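Just below is one structure, and these are the notes that go with it.
The values are calculated or read from the model by the stated rules, or taken from the named source; none is laboratory data. Here the structure is a predicted model, which is why all the values come from computation and not from measurement. Because the Cβ atoms are built from the backbone with ideal geometry, glycine has one as well, and the counts that use them run over all protein chains shown. These area figures cover heavy atoms from the full protein model, side chains too; ligands, DNA and RNA do not enter into them. Shrake-Rupley method; radii C 1.70, N 1.55, O 1.52, S 1.80 Å.
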Amino acid sequence: QKTSICYLSFPDSYSGGLGDTQFSFRLRQAGGSRGSPFQDDGRYNREAPVTLQREAAHYFGYVYFRQVKDSSMRRGYFQKSLVLVSRLPYVNLFQCLLQLIAPEYFDKLEPCLEAVCNEIDQWPPPVPGQTLNLPVMGVVIQVRIPSRVDKPGSSPVKQCNQENLLPAPLVLPSVHELDLFRCFQPVLIHIQMLWELMLLGEPMVVMAPSPTMSSEMVLALTSCLAPLRYCCDFRPYFTIHDSEFKEYTTRTQAPPNIVVGVTNPFFIKTLQHWPHILRVGEPRMSGDLPKQVKVKKLAKLKTLDTKPGIYTSYKTFLHKDKTLIKRLLKGIQRKRPSEVQSALLRRHLLELTQSFIIPLEHYMASLMPLQRAITPWKNPPQIRPFCQEDFMKSLEHAGPQLTCVLKGDWLGLYRRFFKSPNFDGWFRQRHREMTQKLEALHLEAICEADIVAWMKDKSEVEIVDLVLKLREKLVRARCQHLPVKEETLQRVGLYIDTIIGSLPEDLQTVLHHP
């Protein structure tokens, strides 16, 4: 794993550029997922947006690489990287942190890192919904950790707790949001197609001139489904030394559901059998506008001197949104700031994803049993199974056409989506949340019931069985952090004590000390 991190921390192919560059990578954890040193994992992941949850089986690496001429070095260059490894996808926060630390580290080496680590050790844990002040090297970084209850698409909450901090804090508008407009500049007219490819979890290669461009493009692509979680694998930067290199380049099986960012020209040859290849060059202008890549046939992919383009035979299900492109182009001509253009782009992608996902959410909610069907002395009823055909019928009167002006084959897009890991991930999460809600409603029904009346005509065996079941429910509610009020749990605990108190002494002893 350390060797992989080392290889991923340097440009993979000849890099003539001098100076400092920053990029990111994502690495599969060796030996499967392991317990995290953080005690609040459960709480953080419950309260954070699904797109920002802490990963159990992957690490993110954030790199600051410096290459400068230095005649005292054997190769004639000083080449060094400082890497920050985390399970959190906070690309803005960690890259900002590296901008502060790395230049100092390259001058002063280890003692500087030791001082920084001592400061970071004092930082509070990231709590969704809270604004944190993070002191490091004489600067205070102020950042708000997003929460699941934030309204999607709302601008970050204004941070008002300045607390007269001196020096004035370095306020980051977001822990994770990239400058989407800058990242997508060469592919703005193909946003619709790229969104569909991400939604369907299609295998895709991003070939870029630098790790910075490759990692930013991959992270921008995987973020464009928010608030839906991108459930496939993704590698913002990938090298030929990676342990999964053979797995991805084999031709004996279909490419995996993954977006992989590469810079080494060797990949053009080894990955040319992949169905979608996005080749981006150095940013170029065409008059006032950024030069847009063209969609080309895969057969046109040349192993030598591949021109920028999207090499694919994919036909989009939805028609292109020309109004978005016009608004973005007008913004470029009027020299509108990049963050305003990004907000426009993000809002469009959010509305598109919501138009697609809201009908699914409505149908899923209709599978929940009625509250009156939940009775205290029977197991809660089951959630009805998801039937794709029933869902398709529901689209006639409650489909995406209600919230989205885009025309096209929405039904075809849904059918293809059902086969993707993104549908599977979304469905599992929703089903789990609904099951927990049923459990919570069942506990509340038990609290409202007249337990003494129920016990009148019951045998000891039935009463003991009830005690054991209630105990198990209580343990599960606490372990799974079910959405139940604490007073409900306490009342169930009192119920158990009341029931045990009504039993013969020998049974009481057994139940008090099982």
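The table for this structure:
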{"item": "Accessible-area value, T3, 1.4 Å probe, nucleic acids and ligands omitted, Å²", "result": "90 Å²"}
{"item": "The chain - accessible surface per residue (Å², probe 1.4 Å)", "result": "52 Å²"}
{"item": "Where N is the number of residues in region 437-514, Cα Rg divided by 2.2 N^0.38 Å", "result": "1.10"}
{"item": "Amide H contacts under 5 Å for L170, placed H, 5+ residues apart", "result": "V140, I141, Q142"}
{"item": "Distance-filtered residues of region 417-434 - backbone nitrogen under 13 Å, label point 7 angstrom along R43 Cα→Cβ", "result": "none"}
{"item": "Residues with amide H under 5 Å from that of F184, placed H, sequence gap 5 or more", "result": "none"}
{"item": "Carbon plus sulfur fraction of accessible area for the chain, probe 1.4 Å, in percent", "result": "55 percent"}
{"item": "Cα-based convex hull volume of region 179-423 per residue, rounded to whole Å³", "result": "164 Å³"}
{"item": "By accessible area with a 1.4 Å probe, ligands and nucleic acids excluded, highest first: order of H362, H190, H273", "result": "H362, H273, H190"}
{"item": "Helix 421-448 axis, angle to the chain major axis (alpha carbon atoms, nearest 10°)", "result": "30 degrees"}
{"item": "Other-chain or far-sequence residues with amide H under 5 Å of I258's (modelled H)", "result": "M204"}
{"item": "Relative contact order %, the chain, counting alpha carbon pairs below 8 Å whose residues are six or more apart", "result": "12 percent"}
{"item": "Calculated P(r) of region 317-358 - Cα pairs past 16 Å, %", "result": "40 percent"}
{"item": "Helical contribution to [θ] at 222 nm, DSSP H n ≥ 4, -39,500 (n - 2.57), averaged over the chain, rounded to 500", "result": "-13000 deg cm²/dmol"}
{"item": "Of K246/K307; K302/K407; K151/K335; K291/K322; K291/K330; K322/K407, pairs whose Cα-Cα distance is over 23 Å", "result": "K246/K307; K302/K407; K151/K335"}
{"item": "Estimated FRET transfer efficiency (H431, R75; beta-carbon r; R0 56 Å; 0.05)", "result": "0.50"}
{"item": "Degrees separating the helix 486-501 axis from the principal Cα axis of the chain, which is the longest one", "result": "30 degrees"}
{"item": "Two-decimal Rg to Rh for the chain - Kirkwood Rh, Cα set", "result": "1.03"}
{"item": "Region 211-350 - convex hull of alpha carbons, volume per residue in Å³", "result": "137 Å³"}
{"item": "Kirkwood Rh and Cα Rg combined as Rg over Rh, evaluated for region 44-157", "result": "1.05"}
{"item": "Potential extension, K322-Q401 segment - 0.36 nm per residue separation minus Cα distance", "result": "26.7 nm"}
{"item": "Degrees between helix 110-121 axis and first principal axis of the chain (Cα, 0 to 90, nearest 10)", "result": "30 degrees"}
